[in-house]
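Worksheet: one structure, shown below.
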Amino acid sequence: MKPNKENITLNDLGAFTSKLQEKDKKYATQSKRLQYVYWFLIPFYLILGTYDYIFDGTTVKEFLSQVSFAIAMLVFALTFRKLAKEYNFVDYSEPTLTMLKKVVKRYTPFHGNSRWVFVALIFLDAGLCLKRQFDKDLLHIQIVFLGAIAISICVGLILWLNKYKPIRDAAKQLINDIEMNN
Amino acid sequence: MLSNVQKQYRNSSMKEDKFNKIVQENSERIRRICRYYNSNVQDQDDMFQEILINIWKSLDNFRGDASISTWIYRIAVNTALTYTGKAYKNMKLTININDVSQVNILDFDHDTESKEKVESQFEALQNELNTLSVIDKSLISLTLEGLSMKEIAQVIGITEPNVKVKIHRIKQQLKENLTASNHETK
């Protein structure tokens, strides 16, 4: 929520709080919409896999492929929900040192919660490998999949270096200043 | 029985009332913090607004464990530290001569000093304050606000003895630097 350049006085506090409430509501709606996509895809993959297995006589491998996709979506949904909360609801009322430590944790690549993304990717990879439609061999699928992941990680790291590393370093510096001679 | 929509409306209205009350009661306190960290009026207004946004965001987490003033100072200091973001290293601490007179952070003897001397000491102090680290500036701003060591410890998240040591060291450093610069000018 970016502040606009209006000067807030106590007289227009009512209008300001209305704006805040509107933004809260807007954010909550946007967040829910994103969740709906994931929560829709999970049963979608499961129902499709089950239907194909029972009525179209597909193999167990293909059924397991759909289950893997569903699990990947589930892990993505839960991880992104947690990450969204973590990033968007920073508690500024915590003691400065605690808040800064959380900033460092939040802006460190591959920390706690984001590791779950890799778990989701493993299930996604398993789903792709088990899927029948791909006539390519396993090695080919792995090269394409891992290549795409490697490119995504590189892009992410470049973004992190430019945008988030300076924030993390600044927070680390402040922590050092606070803890110095503690 | 209230429906979910009614409950949401009631909670939202309660939050708004609570927010308005907190802001009205602490408006001047927040304004002062903004003035410490920004000399430019526009920047002060922007920071004031940012602090209000963060008070709003953190309001649901206020459990009353700390006093409301400590809670406000935490949000204000944390916002000031993160608000200035990229420019935080250049963050200037702007103090008013009255703030120094009221709290007298360096124990200047204002009664016996001439007005000119006090003003020149103040100017030198202002310059020295801006050579401090960002955290030291925050500690001094809280001291100028008249917070006790215990309250400062609660805001920053370190122990009370540690706050005492840090503030003592800052004052010592400021005194030494001011004495050295006085000798140089003489």
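Nothing in this text is a laboratory measurement; each read-out follows from the coordinates by a stated rule. Bear in mind that the values here come from a model prediction, so they are computed numbers and not experimental data. Reconstructed Cβ throughout: ideal geometry from the backbone, glycine too, with neighbour counts over all protein chains shown.
Shielding value for B:22-35 is 1, the average number of Cβ atoms from other chains within 10 Å of each residue's Cβ. Shielding of peptide A:94-102 by partners, expressed as the average count of other chain Cβ atoms within 10 Å per residue Cβ, is 6. Protection proxy ranking of B:35-44, B:52-61, B:136-145, B:164-173, by the mean of other Cβ atoms within 10 Å over each peptide's residues and highest first, is B:136-145, B:52-61, B:35-44, B:164-173. Relative contact order of segment A:42-135, taken over Cα pairs closer than 8 Å and 6 or more residues apart, is 40 percent. Note on B:133-139: average number of Cβ atoms from other chains within 10 Å of each residue's Cβ is 4. My understanding is that a pair violates if its Cα-Cα distance is over 28 Å; which of B:K21/B:K171; A:K101/B:K57; A:K85/B:K164; A:K163/B:K164; A:K163/B:K18 do that in this structure? Violating the 28 Å limit, Cα to Cα: B:K21/B:K171; A:K85/B:K164; A:K163/B:K164; A:K163/B:K18. Separation of segment B:45-79 from segment B:118-186 is 24 Å, based on Cα centroids.
About the centre of its Cα atoms, segment A:13-179 shows a dipole size close to 520 debye [charges on the beta carbon of Lys, Arg (+1) and Asp, Glu (-1) only; nearest 20 debye].
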